[in-house]
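The values are calculated or read from the model by the stated rules, or taken from the named source; none is laboratory data. Quantities reported herein were computed from a predicted structural model and do not represent experimental measurements. Because the Cβ atoms are built from the backbone with ideal geometry, glycine has one as well, and the counts that use them run over all protein chains shown. Each accessible area value is taken on the protein alone, full model and side chains, heavy atoms only, with ligands, DNA and RNA left out. Shrake-Rupley method; radii C 1.70, N 1.55, O 1.52, S 1.80 Å.
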Amino acid sequence: MRHLREPTYWEEQTMTIMMRAARLHAVNEPMRVEQVAKPVASGTDVVVEVKACGMVPNLANVLNNWETWYPHQPLPTKPAIFGLDPAGIVHQVGNQVVAIKPGDRVYVNPLRSCGACHACVSGHQAKCEYFTFNGYFGFNRNSLEIYKRYPEGGFAQFMCAPQNSIIKIPDNMTFPQAARMGYLGTSYSAIKKFGIPTGKSLIINGATGTLGVGATLFALAMGVSTIYAVARGKPLLERLKQLAPNRVQIFSNQVGKVADWVRSQTNGLGADFMLDCLGAVADVNAMKDAMMGVRRGGRIVNIGGTGSDMLFNTKWWMDNSMELIGSAWLSTAEGMEIAEMVRSGTIDLSVLEARTYPLEQINEAINGVASGDGGFTNYVLEP
């Protein structure tokens with residue numbers, strides 16, 4: 001029998017090899033699975049063979065409505081390969097890559113930036129003027145330059161990424177679990193912004209969604225003493241409470257005011273912190289209600305992306321020394337911290353379940369994202 005070998009690095013530099021990828025040609029159209037050129041690593045770039053890519057709960061809105069809702073935040077040039085949360089095996093490295101090698105199991109952080117400005121070199125890529133979610137959307141017109149350089153998202157067999165986006169994952173972290181790293185990391189990064197949360201109390205608004213469940217796991221692991229978990233449905237709230245029955249208190253915002261409930265649990269003082277995880281189309285008044293349950297000098301971090309203007313009393317904000325912080329995604333360094341927490345057993349991801357789809361079922365997967373058990377289910381494409 002004749003054995004076929006993989007092309008060498010230098011052979012791949014001079015020949016075009018094809019791969020399968022799901023591409024969007026126009027909004028409000030299904031994606032098409034097509035043959036496209038496989039990327040080749042050079043310089044400080046890495047090519048990863050994608051084993052799993054997370055399906056963003058908000059993906060259908062991005063594909064169908066984003067250009068109308070947020071025209072200042074561009075999508076990649078079409079036909080485009082989306083896929084925000086990829087994990088896989090390093091296939092090839094550029095000739096300037098030192099610490100990463102073929103065969104490494106990795107998560108690819110989709111956060112892209114220019115890499116050379118003060119924000120980037122000081123570890124604050126999200127503040128860069130070229131800040132972009134690869135395989136998803138950009139934050140201003142500069143993102144189009146990033147998409148020219150890194151056109152592949154994770155809905156493909158292979159993708160190219162800069163070495164500073166690569167996070168090695170431990171053997172006890174599955175690829176479907178790693179394909180949730182972006183959303184887990186968004187919650188983890190936000191909790192870090194509270195400072196030292198040990199022994200403090202925290203409202204998680206939208207607690208049963210993808211961000212909220214991850215936030216609950218990390219808040220418990222990082223020593224938050226009491227979590228006030230707020231959402232609509234009771235069954236998922238009850239499931240969340242079982243993670244730590246003595247530390248997780250639950251409340252449905254369908255039965256009353258969140259602020260009144262939290263203050264009734266805290267001798268009228270309110271919680272130390274609040275994390276808002278409500279989604280883009282959520283009622284902004286639900287966020288405002290929960291904010292009013294935070295005590296004087298408290299800190300509020302928003303990661304959910306509720307897309308409406310909010311009116312609240314700015315004098316209340318001043319008089320009570322409140323802090324309101326926006327937080328988007330995670331840094332590669334924070335991803336490395338999460339990987340170590342999983343390796344050591346500090347955090348247990350076994351409570352999460354993955355619903356997987358092959359690449360050919362990309363459109364069914366996009367339409368089925370809301371059919372699971374809230375934030376306990378993540379949706380994964382396996383190219």
Take Leu278 and decide whether it is buried (at least 18 other Cβ atoms within 10 Å of the Cβ) and within 23 Å of the chain's Cα centre (by Cα).
yes
Quick one: count up the residues across segment 46-85 that are over 30 Å from Arg105 (Cβ atoms), of a type in the set (Val, Ile, Thr) and at pLDDT 85 or above.
1
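Residues to consider are Lys288, Lys257, Lys234, Lys315; find the one that is open to solvent by 20 Å² or more (accessible area, probe 1.4 Å), outside the structural domain of Pro57 (by the TED database), free of Cβ contacts under 8 Å to residues at least 12 places away in the same chain and of a type outside the set (Gly, Ala, Ser).
Lys315
Residues checked against (1) over 21 Å from the mean Cα position of the chain (by Cα); (2) more than 23 Å from Ala365 (Cβ to Cβ); (3) assigned to a loop (DSSP other than H, G, I, E, B):
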{"site": "Asn28", "(1), (2), (3)": "yes, no, yes"}
{"site": "Val50", "(1), (2), (3)": "no, no, no"}
{"site": "Pro57", "(1), (2), (3)": "no, no, yes"}
{"site": "Trp66", "(1), (2), (3)": "no, no, no"}
{"site": "Leu75", "(1), (2), (3)": "no, no, yes"}
{"site": "Ile89", "(1), (2), (3)": "no, no, no"}
{"site": "Gln92", "(1), (2), (3)": "yes, yes, no"}
Residues of segment 82-134 satisfying the condition of being over 27 Å from Arg343 (Cβ atoms) and charged (D, E, K, R):
Lys127, Glu129
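Just to be sure I understand, how many residues within segment 16-31 are without any contact (Cβ under 8 Å) to a residue 24 or more places away in the chain and in contact with a strand residue (DSSP E or B) (Cβ under 6 Å, 6 or more places away or on another chain)?
Selection size over segment 16-31: 2.
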Hey, Pro7 hits all of (1) open to solvent by less than 50 Å² (accessible area, probe 1.4 Å); (2) out of contact with any Gly (no Cβ under 8 Å at 6 or more places or on another chain); (3) at pLDDT 80 or above but one; which does it fall short on?
(3)
